[in-house]
Amino acid sequence: MSRLASGLQRLRRSSSQWEVLWSALASCGLVLFSQLAVAMVPRLVFIAAIVLGRLWRRFIGVAASAPLFVLFNILLLWGVYVFVIRRETSSLLDMLINAECALLLWGFYRILSGDPGIVACDSSYLEEAGCKDFVEAIYSSEKLPMLSRVRQCTWCKANIRGYDHHCPAFGTCIGQKNHRLFMALLTGFVVAESTYTMCSTKYITRCISSGTIRSENPVSLNIVISTTLFSILQVLWQIVFLMWHIYCICFNIKTDEWINWKKYPEFQMKEQPRSDSEVKFVNPYDKGMLCNIREFLKPE
Ligand SMILES: [Zn+2]
């Protein structure tokens, strides 16, 4: 539990227990309200959900926490499945979807409490590199091998080895140590939401075709429809995101490096007669697809 506590601590730096509680309430409320908003159809309600989120931040002073929003969404989908959809699904599919949800929660806990690959600020590194501070050492062209691919996260101000990006949904940086878990979780979300969509679509079509639509509780049917729409939207953007990460792994480049390559000297091809405005991109870490995938799976 202490690891989860430290994860939550990291999640909301300099926040008291009350703030975490308020944040949890805000996240839970927003999940229920936004799902209800989609369920009850009028677009005005959906806009009201966004306004409510903004107002909450202004008056209570604590924003809803993205990781808690994700957590309550998993719990809501699982809850809707167990209490509404479950009786319509086969036992094999039932086992599969329950296992997927449990695995997601476990992975979520692991990524929240795990270390992304934080590099401690050691003064001996600085002396060796002849730099004033750690950031200068990171951006220096004559980089120390021990600081290879160490970047600073602008959100956490932490120095992370193999830094890819800061993930607000998981409330943590994605670095060398948790990149594989991140990919597994992202794939897990796509698979779980697809399975959920499959089960819920079956439930909805059976409700409509068998004419039980009137006898069925309209709120529960609406919630199934709204969570299905939500899952489809999630799967769509997550697949794009997943493909991007697969591309990055195959070419051994991190999202941060791809965006900020001009900040890192090792990506700039130096051609003597050329001026600074014509700096070309070169990836010194790209060793061919197979080697890149192997390096991702087994980093040195
Ligand atoms: Zn970060």
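Take peptides 226-232, 98-104 and line them up by average Cβ neighbours within 10 Å, highest first, as a rough protection proxy.
Working: 226-232: 20.1, 98-104: 16.3.
Result, highest mean Cβ count within 10 Å first: 226-232, 98-104.
How much length is gained on full extension from Ser148 to Asp115, taking 0.36 nm per residue of separation minus their Cα-Cα distance? Working shown, then result.
Working: separation 33, 0.36 × 33 = 11.88 nm, distance 1.79 nm.
Result for the pair: 10.1 nm of gain on full extension.
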Given a Förster distance of 35 Å, report the FRET efficiency between Ser123 and Lys287 from their Cβ-Cβ distance, rounded to the nearest 0.05. 0.60
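If R₀ is 30 angstrom, what is the calculated FRET efficiency for the pair Trp244 and Glu278, using the beta carbon separation as r and rounding to 0.05? Don't skip to the answer; put the middle values down first.
Numbers: r = 27 Å, r/R0 = 0.92.
Computed FRET efficiency for Trp244 and Glu278: 0.65.
Please work out how much length the chain gains when fully extended from Leu55 to Arg87, using 0.36 nm per residue of separation minus the C-alpha to C-alpha distance, in nm with one decimal. If you can, show how the numbers build up before the last one.
Values: separation 32, 0.36 × 32 = 11.52 nm, distance 3.95 nm.
Between Leu55 and Arg87, full extension yields an extra 7.6 nm.
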Report the label-to-label distance for Met269 and Gln17 in nanometres (one decimal), using points 7 Å from each Cα along the Cα→Cβ vector. 5.9 nm
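Just so you know, all these numbers are worked out from the coordinates, no wet-lab data involved. Please read these numbers as outputs of a predicted model, since none were measured by experiment. As a convention, Cβ positions derive from the backbone with ideal geometry for all residues, glycine included, and neighbour counts pool all protein chains shown.
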